[in-house]
Amino acid sequence: SQLVKFKSMTSSIAPKERLHLAMLTKQFLTRGGLVAGAPSPRHRFRALTHVSCSTKNTSHCHLNHIISASATTDALPTPAATAPSSPNLQQLLSTGARLTTAAQAVWAQVLQPGDTAVDATCGNGHDTLFLAQAIGPNGHVYGFDIQDAAISSTRERLESHMAAGCRPRITLHQACHSRLQELCGSGLARVVAFNLGYLPGAGDKTVITATQSTLAAVEAALEVVMPGGVISILAYVGHPGGHEEYEAVKRLVSELSPSYWVSSETKLLNRPTAPILMLLWRRDDDLPARIRK
């Protein structure tokens, strides 16, 4: 059986909430499960897998802390040849957790110490911090945001929550995320995370991610993510322009070739304005050619 060790990265979190996230992370932190494919990520496909969830529990579980998890390598399952091993998102959401927590559970599933990760929309730095703590001092985190306030907030959060010796290499760009490939390189990141919409807590909610630049950024992320990695896109549809942005990204994702990508969408059917989580798993070209499509 898999041996998982959990360690709270904060001391201020309530015991009940700490137990809640520890339980979720332990339940969903599984390795492997990525299917095989060829290295080129830019081919297209015709179908999209939907993982649609409906739950009567609409409460939010605000868990602004990180659980660090490590596992013995000999307990990890070997990669499967058919589908990615994803968290049971319906069960996760039925506990009242937010989709942001669900996305982080996916990142924790694939990230390893020393990895490279990209936060394509830094915002206030919560996701950047999660990625940084997950990969540790030997890793590299890239962060992108066009707003100076977001970059400053992210830098302050990282410095206040992580000791200098524990931080990975951190590169923050006040730049459009459409420049991901230009500024990060190709095939290097285990996780590329998007949290679309506007800066949380900002007075000016008219500064939002725009459809065309988001599409360009997702296209760039297809090149930045490594085989066996995942692109995570959390789209918000409750603000002006948000639904159009989501539909455009969905069209792009639905055309990705199944020879190279496994894609899913998670949405709450009884909460039409809730965010929607899209996951793009790049198939692992290190697996034997005989099991490739």
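Structure values in brief
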item	result
Pairs with Cβ under 6 Å, 6+ apart, first in region 107-126 and in contact (Cβ under 8 Å) with a residue 24 or more places away in the chain, second assigned to a loop (DSSP other than H, G, I, E, B) and hydrophobic (A, V, I, L, M, F, W, C)	Ala108/Leu29; Gln109/Leu29; Thr116/Leu188; Gly123/Leu199
Where a residue in region 255-273 is among the aromatic types (Phe, Trp, Tyr) and its partner, wherever it lies, is crowded, with 20+ Cβ neighbours inside 10 Å and part of a strand (DSSP E or B), with Cβ under 6 Å and at least six apart	Trp261/Leu280
Unique match (being modelled with pLDDT of 95 or more, assigned to a helix (DSSP H, G or I), over 23 Å from Gly197 (Cβ atoms) and out of contact with any helix residue (DSSP H, G or I) (no Cβ under 7 Å at 6 or more places or on another chain)) among Ser160, Ser152	Ser160
Answer residue from region 242-293, given it is part of a loop (DSSP other than H, G, I, E, B) and among the basic types (Lys, Arg) and is modelled with the highest pLDDT among those	Arg283
Any hit, region 109-118, residues being surrounded by 22 or more Cβ atoms within 10 Å (Cβ to Cβ), charged (D, E, K, R), at pLDDT 95 or above and assigned to a helix (DSSP H, G or I)	no
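Residue by residue, here is whether (1) modelled with pLDDT of 95 or more; (2) closer than 15 Å to Trp261 by Cβ holds:
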{"residue": "Gly185", "(1), (2)": "yes, no"}
{"residue": "Leu188", "(1), (2)": "yes, no"}
{"residue": "Gly203", "(1), (2)": "no, no"}
{"residue": "Val207", "(1), (2)": "no, no"}
{"residue": "Ala216", "(1), (2)": "yes, no"}
{"residue": "Glu219", "(1), (2)": "yes, yes"}
{"residue": "Leu222", "(1), (2)": "yes, yes"}
{"residue": "Met226", "(1), (2)": "yes, yes"}
{"residue": "Gly229", "(1), (2)": "yes, yes"}
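The values are calculated or read from the model by the stated rules, or taken from the named source; none is laboratory data. From a predicted model like this one, the values you see are computed outputs, not experimental measurements. Using ideal geometry, Cβ is built from the backbone for each residue, glycine included, and neighbour counts are taken over all protein chains shown.
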